[in-house]
Amino acid sequence: MKTLGIIGGVGPESTIDYYRAIVALYRERKTDGSYPPLIINSIDLKKVVDLITRNDLKGAANYLLDEIRKLARASADFGLVAANTPHIVFDEVQSQSPIPLISIVETTCAAAKARALKRLALVGTRFTMQGVFYPKVFSREGIELVTPDPDDQEYIHNKYMNELILGKFLPETRAGLLAVVDRLNKKIDLDGVILAGTELPLILRDAAHNGIPFLDTTKIHVEAAVNEMLS
């Protein structure tokens, strides 16, 4: 059985969600009553955000690599970063990682391709919505990604950093996020919405909104991790 190493804490609420989902899916697939072997390294969210905000991507990559090396020393066989935004430096980290890593972007792209989705909204932190790391992967499969208007991006980012990361999931914020989806869908006919922030599925818990499917990046990432554990 392969041991999974998780870089968590970015943020804590979604790391808890990862743990619960991995345990549940593992036990659903492995019916002998056993539990999954995994190691969580909960790192400093503020340090990651500060590095990325300053555009110190080399510093962010080095910090993540140091923390992944701790997982390797603890005997993890493979790993993942339980968040979307740090994938802004995933290529640099993966190329130097002592253990194989599962990308949340690659696995989400594969899920979109399997469902034949061609035009998707990308919703997450400002770093994710304005970054190139999602479009770079999805463009290889001919999948178009669209982002909300600048004002809506600012709204999402502020709610994400000042509420969701802190475990505050308010009904008015949920309504505001869904209104962003409605505005974007009215302007551009969407095939789906990528919840490209692992706190977003904690407030947008339905599988779809007004007929528009949500791609839950946490769930997709977890499924890939459990598949690898059992391979």
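Throughout, read-outs are computed from the coordinates displayed, never taken from laboratory work. None of the values given here were measured: they were computed from a predicted structure. Neighbour counts are summed over all protein chains in view; Cβ atoms, including those assigned to glycine, are modelled from backbone coordinates with ideal geometry.
Assorted remarks:
- Modelled FRET efficiency - R0 41 Å, Asp56 with Ala208, Cβ distances, 0.05 increments: 0.60
- Contact order for the chain, expressed relative to its length and based on alpha carbon pairs under 8 Å spaced 6+ residues apart, stands at 24 percent.
- Evaluating 6.51 cos²θ - 1.76 cosθ + 1.60 at θ = phi - 60° for every residue in segment 168-178, the Karplus couplings come out as 9, 10, 9, x, 5, 6, 4, 4, x, 5, 5 Hz, glycine and proline recorded as x.
- About the centre of its Cα atoms, the chain shows a dipole size close to 280 debye [charges on the beta carbon of Lys, Arg (+1) and Asp, Glu (-1) only; nearest 20 debye].
- Residues in segment 76-92 carry Karplus couplings, in order, of 5, 8, 7, x, 8, 9, 7, 5, 8, 3, x, 5, 4, 10, 4, 4, 5 Hz; the curve used is 6.51 cos²θ - 1.76 cosθ + 1.60 with θ = phi - 60°, and Gly or Pro positions show x.
- Separation of alpha-carbon centers, segment 134-213 and segment 62-87, rounded to whole Å: 26
- Choice from Gly192, Gly124, Gly142 with maximal GNM fluctuation in the chain (Cα, 10 Å cutoff): Gly142
- Of all DSSP-defined beta bridges confined to segment 82-231, some 15% are antiparallel rather than parallel.
- Mean Cα-pair separation over length for segment 105-216, i.e. relative contact order, pairs under 8 Å, 6 or more apart, %: 32
- Ranked by how many other beta carbons lie within 10 Å on average, peptides 171-180, 194-203 from highest: 194-203, 171-180
- Placing unit charges on the Cβ atoms of the charged side chains and taking the dipole of segment 105-216 about its Cα centre, the candidate lying farthest along the positive direction among Ala208, Thr108, Thr198 is Thr108.
- Oblate is the label for segment 89-182, because a/c, from the alpha-carbon gyration tensor with a ≥ b ≥ c as root eigenvalues, is 1.5 or above and a/b does not exceed b/c.
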